[in-house]
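The values are calculated or read from the model by the stated rules, or taken from the named source; none is laboratory data. What you are looking at is a predicted structure, and each value in this text was computed from that prediction instead of being measured. With ligands, DNA and RNA removed, areas are computed over all heavy atoms of the protein, side chains included. Shrake-Rupley method; radii C 1.70, N 1.55, O 1.52, S 1.80 Å.
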Amino acid sequence: LGLVEETDIDGFRLDAVKHMIDDFGLSLRGRLEERLRFSAQRFYLVGETFTGEGEFDLLSHYIGPEQLDGQFDFPLYWQVTATLLREERDLRALEGMVKANDGRYGDFAIMSNFLGNQDVCRALSHANGDLGDLWCNGGQDQGWDDPPSLPAAQGPFQRLRLAWTFLLTSPGIPLIYYGDEIGMEGAGDPDNRRFMRFGDALSPEQQATLAHVQALAAVRHAHPATRRGERLTLYLAGDGLYWAYALHAPGDLVIVALNRGELRRSQRLDLAGLHLADGPVLTNAAGGGEVMVEAGGITLDLEGRQSAVLVEAP
């Protein structure tokens, strides 16, 4: 605990929480509260509890004022990987899941959302179809015997960028596992721990992915709605390939659209429920371009596997 006082860090990650006795988490929180009782800053305790898609109760068991502030959201990770990276499900599955998952753990919880960590195979290799299944079974052997290579095609990077748009416009605290912000390939541990690349070592698609993540991070920094806002579906296509939603918080609004289809799509979005008057110009912070609110809505053009993050122009 002296480390906290000496370095002024903001929080701890607790590994393998489900293998610890409850007393440890309770004692740690108690000691932190005692040592930091004069601080107005909330010290963030986030847990790593590897779970499947439906083990919500196991995650929530450790969350509360006397234990953890949040956990890595593995159920959301599996859904995002299946829907946006592997394209084995459509956006109706993701929209239905987050409708129940946003706020599932209560107002106290601050969950951490991610596309990768040291326990799973690389997001880009999922998007490229290099890994056998969602769970990456056999991924450790594959890393030694047949490690994935960097994709030459644009498609896998487009899928990854779409996933980043969703993740970085989701309430909570995003976890960016090194290399996922550029699109690094890899199978199971230790193949998912390759040396980081920088600058001229990045391919054009990796540079574009990094720029996309940087733009989204800037939006997230500037707009509280992306961090702790309420999500409201504006439109969900019947084919499950297009989803638009709003994130709103007091004094702030962000509109997100995801086109997971291969083809360009022009879509009218009704914004009447957001109480926007006609006239404001909205800027796409994720890809450039502007649209104007007219007749209570906007018409948005998106190329295949592209996204938009719309904020009011300054």
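Tabulated results
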| read-out | value |
| --- | --- |
| Phi to ³J(HN,Hα) by Karplus 6.51 cos²θ - 1.76 cosθ + 1.60 over the stretch 304-314, Hz, x for Gly, Pro | x, 6, 10, 9, 9, 10, 9, 10, 5, 5, x |
| Whole-Hz couplings from phi, Karplus 6.51/-1.76/1.60, listed for the stretch 252-261; x for Gly and Pro | 8, 8, 9, 10, 10, 10, 10, 10, 8, x |
| Heavy-atom accessible area ranking, 1.4 Å probe, most first, across Ile298, Ile110, Ile63 | Ile110, Ile63, Ile298 |
| With DNA, RNA and ligands ignored, accessible area of Asp278 (1.4 Å probe; Å², nearest 10) | 100 Å² |
| log₁₀ of I(q)/I(0) at q = 0.31 Å⁻¹ - the stretch 107-162, Debye sum with one point per alpha carbon | -1.34 |
| Accessible-area composition of the chain, carbon plus sulfur, in percent [1.4 Å probe] | 51 percent |
| Accessible surface ranking that places the most exposed of Met184, Met292, Met196, Met97 first, with a 1.4 angstrom probe | Met292, Met196, Met97, Met184 |
| Gaussian network model of the chain, springs between alpha carbon atoms under 10 Å - residue of Pro280, Pro75, Pro148 with greatest fluctuation | Pro280 |
| Amide H contacts under 5 Å for Tyr44, placed H, 5+ residues apart | Gly11, Phe12 |
| Residue-wise HN-Hα coupling along the stretch 228-238, computed from phi with Karplus coefficients 6.51, -1.76, 1.60 (Hz; x: Gly, Pro) | 8, x, 9, 9, 10, 5, 9, 7, 9, 5, x |
| Area accessible to solvent at Lys18, 1.4 Å probe radius, in Å² | 80 Å² |
| Mean residue ellipticity (222 nm) of the chain, computed from DSSP H runs ≥ 4 via -39,500 (n - 2.57), nearest 500 | -8000 deg cm²/dmol |
| Residues with amide H under 5 Å from that of Gln306, placed H, sequence gap 5 or more | Asn259 |
| Among [x] 6, 26, 37, 22, 7, 1, 0; [y] 5, 18, 27, 25, 15, 7, 2, 1, 0; [z] 6, 25, 32, 24, 11, 2, the entry derived from the coordinates for P(r) over Cα pairs in 10 Å bins from 0, in percent | [z] |
| Heavy-atom surface of the chain, accessible at 1.4 Å and reported per residue (Å²) | 46 Å² |
| Fraction in percent of alpha-carbon pairs per bin - 5 Å, the stretch 60-120 | 4, 17, 26, 21, 18, 10, 4, 1 |
| Taking the convex hull of Cα positions in the stretch 178-265, its mean projected area over all directions (nm²) | 8.2 nm² |
